[in-house]
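Take a look at the structure set out below.
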Amino acid sequence: MNFAEKTVAIIATVDSKGPEISYVRAGLQSRGRKVCLLDIGTAGDPKFSADISREQIAARAGGVLQDLAPAEALALMAKGAKAIVTDLVSRGEISVVVGIGGGKGAGVFVDATKDLPFGFPKVLITSGRPAMLANIATTSDTILFPTLVDLFGLNYFTQAVLNNAVAAISGLDWSPQIQPPNKTVAITAFGVTTPAAQAVKSLLEDVGIVAIVFPANGAGGRTMESMIANNAFDGVIDLTTTELADLLLGGTASAGASRLTAAGKRGIPQAIAPGAIDMANFGPPESVPRRFEDHITYSHTPMTTLVRTTVAETTEIARMTAERLNLAEGPVRVFWPKLGVSDYDQLGKVFYDPAANAAWRAAIGKNLKDDITVVDTHYHINDPKFAALCADWMIEQIKEVA
């Protein structure tokens, strides 16, 4: 099958997005692309026939649409569409998948495509709310075309977006990716733990292990967890678990409650360190909640204010960490940097607080399962010797399963 013959799958509700579907389909066909339409509508009658009907999609999910509540119907459509699209991709019958819809349609599209291979072209044309789009953008490699105006038929504004989308989609293609010959490890970093991440990356690459670094800024952690769940990595050196501090304190860099869970479920080795658990992130100084008036704060930038975690808070962060690690099905090792957990946590610097750090160490030891080892070091987290301990352990784990 040559490039021009490769098929674009469109996932949309034929009952409510008929004009938009027809416009995109015609545009793609005029550019030499074949189209396969999946109807995920659950309400009104379809405006025209789809290549794969809503009844076929529901049947693939093991159900029927009749008498289902709206949320149940959408869940059924997502399940069926996911199974069908996954089959089409695995057989090489489609090279792009496109969603057209509002918030509900976007939700079904994301559920149906989120587990497709990284890099497979996924395009979403949507009027969904900005918060939804932000979440999609930080947890997947979906290409987004926000319409800004609602999708209520064709007009000057929607046609402008649809024209751009058609032009982009017509040039997209997918060939099954060759798996990298080398093992790949994910690393987390923050500005205040960058030296540690750089050192670990260098040590891994010296022995032929690919190292991919994620910023522990909320979006980075969510993306990493998603990619781990999709089998992108053979191990994780989670140097910077600061996102749990933001989860606890309500900061802007929270990666959500599922942070520090994907590697455990997959059973891949995890090296864990309390990087930057001394801080939670907020916006400008005036945005910091009043409940933190008794905390030490620091203006990292004019738009970022850091709040120093207390003894009680680091204790809870450690408990949250242990709770997640105790569920891991693979090897876990925790590395403790006694001399500080971030660049700001050193003697003479603003967040230096040995008591708060010691509280984390005590709580992690109290709450971890007996078969998870904590390695105590007399290093700062950014000391090259600390990085070497983490890297060496991971290298040994990777060798054992090679």
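Among the residues of segment 224-268, those that are more than 17 Å from Arg333 (Cβ to Cβ) and of a type in the set (Asp, Glu) comprise Glu225, Glu243, Asp246. Per the listing Ile100, Ile21, Ile57, the residue uniquely under 19 Å from Ile169 (Cβ atoms), surrounded by 18 or more Cβ atoms within 10 Å (Cβ to Cβ), of a type in the set (Val, Ile, Thr) and touching a helix residue (DSSP H, G or I) at 6+ places or on another chain (Cβ under 7 Å) is Ile100. For segment 351-383, a residue qualifies if it is surrounded by fewer than 17 Cβ atoms within 10 Å (Cβ to Cβ) and more than 23 Å from Leu327 (Cα to Cα), and the qualifying residues are Pro354, Ala355, Ala358, His378. Taking the criterion of being at pLDDT 95 or above, closer than 17 Å to Gly41 by Cα, of a type outside the set (A, V, I, L, M) and in a helix (DSSP H, G or I), the residues of segment 78-104 that qualify are Lys79, Gly80, Lys82.
When segment 192-209 is filtered for residues that are in contact with a Ser or Thr (Cβ under 9 Å, 6 or more places away or on another chain) and closer than 17 Å to Gly275 by Cβ, the ones remaining, listed by number, are Val192, Thr193, Ala196, Ala197.
Leu144 meets the conditions (1) hydrophobic (A, V, I, L, M, F, W, C); (2) under 25 Å from Ser258 (Cβ atoms); (3) without any contact (Cβ under 8 Å) to a residue 24 or more places away in the chain; (4) in a helix (DSSP H, G or I) in every case but one. The failed one is (4).
The set of residues in segment 147-162 being surrounded by 19 or more Cβ atoms within 10 Å (Cβ to Cβ) and either part of a loop (DSSP other than H, G, I, E, B) or in contact (Cβ under 8 Å) with a residue 60 or more places away in the chain (or both) consists of Thr147, Leu151, Thr158, Leu162. Please verify whether segment 214-237 includes one or more residues that are hydroxyl-bearing (Ser, Thr, Tyr) and free of Cβ contacts under 8 Å to residues at least 60 places away in the same chain. Scanning segment 214-237, I find no residue that is hydroxyl-bearing (Ser, Thr, Tyr) and free of Cβ contacts under 8 Å to residues at least 60 places away in the same chain, so the answer is no. Counting the residues of segment 57-73 that are in a helix (DSSP H, G or I) and either in contact (Cβ under 8 Å) with a residue 12 or more places away in the chain or not assigned by TED's automatic domain parsing to the domain that holds Ile125 (or both) gives 6. Of the helices (runs of 4 or more DSSP H) lying entirely inside segment 194-266, the ones with 2 or more residues being of a type in the set (Lys, Arg) and surrounded by fewer than 23 Cβ atoms within 10 Å (Cβ to Cβ) are found at 262-266. Scanning for something touching a residue at least 24 places away in the same chain (Cβ under 8 Å) and in a helix (DSSP H, G or I), does segment 29-51 turn up at least one residue? Scanning segment 29-51, I find no residue that is touching a residue at least 24 places away in the same chain (Cβ under 8 Å) and in a helix (DSSP H, G or I), so the answer is no. If we scan segment 105-114, do we find a residue that is under 14 Å from the mean Cα position of the chain (by Cα) and buried (at least 19 other Cβ atoms within 10 Å of the Cβ)? Among the residues of segment 105-114, at least one is under 14 Å from the mean Cα position of the chain (by Cα) and buried (at least 19 other Cβ atoms within 10 Å of the Cβ), which makes the answer yes.
When Ser49, Ser53 are checked against the criterion of being over 13 Å from Lys104 (Cβ atoms), of a type in the set (Gly, Ala, Ser) and in contact with a strand residue (DSSP E or B) (Cβ under 6 Å, 6 or more places away or on another chain), Ser53 stands alone in meeting it.
The values are calculated or read from the model by the stated rules, or taken from the named source; none is laboratory data. Since this is a predicted model, take the numbers as computed values, not measurements. Cβ atoms come from the backbone with ideal geometry, glycine included; neighbour counts cover every protein chain shown.
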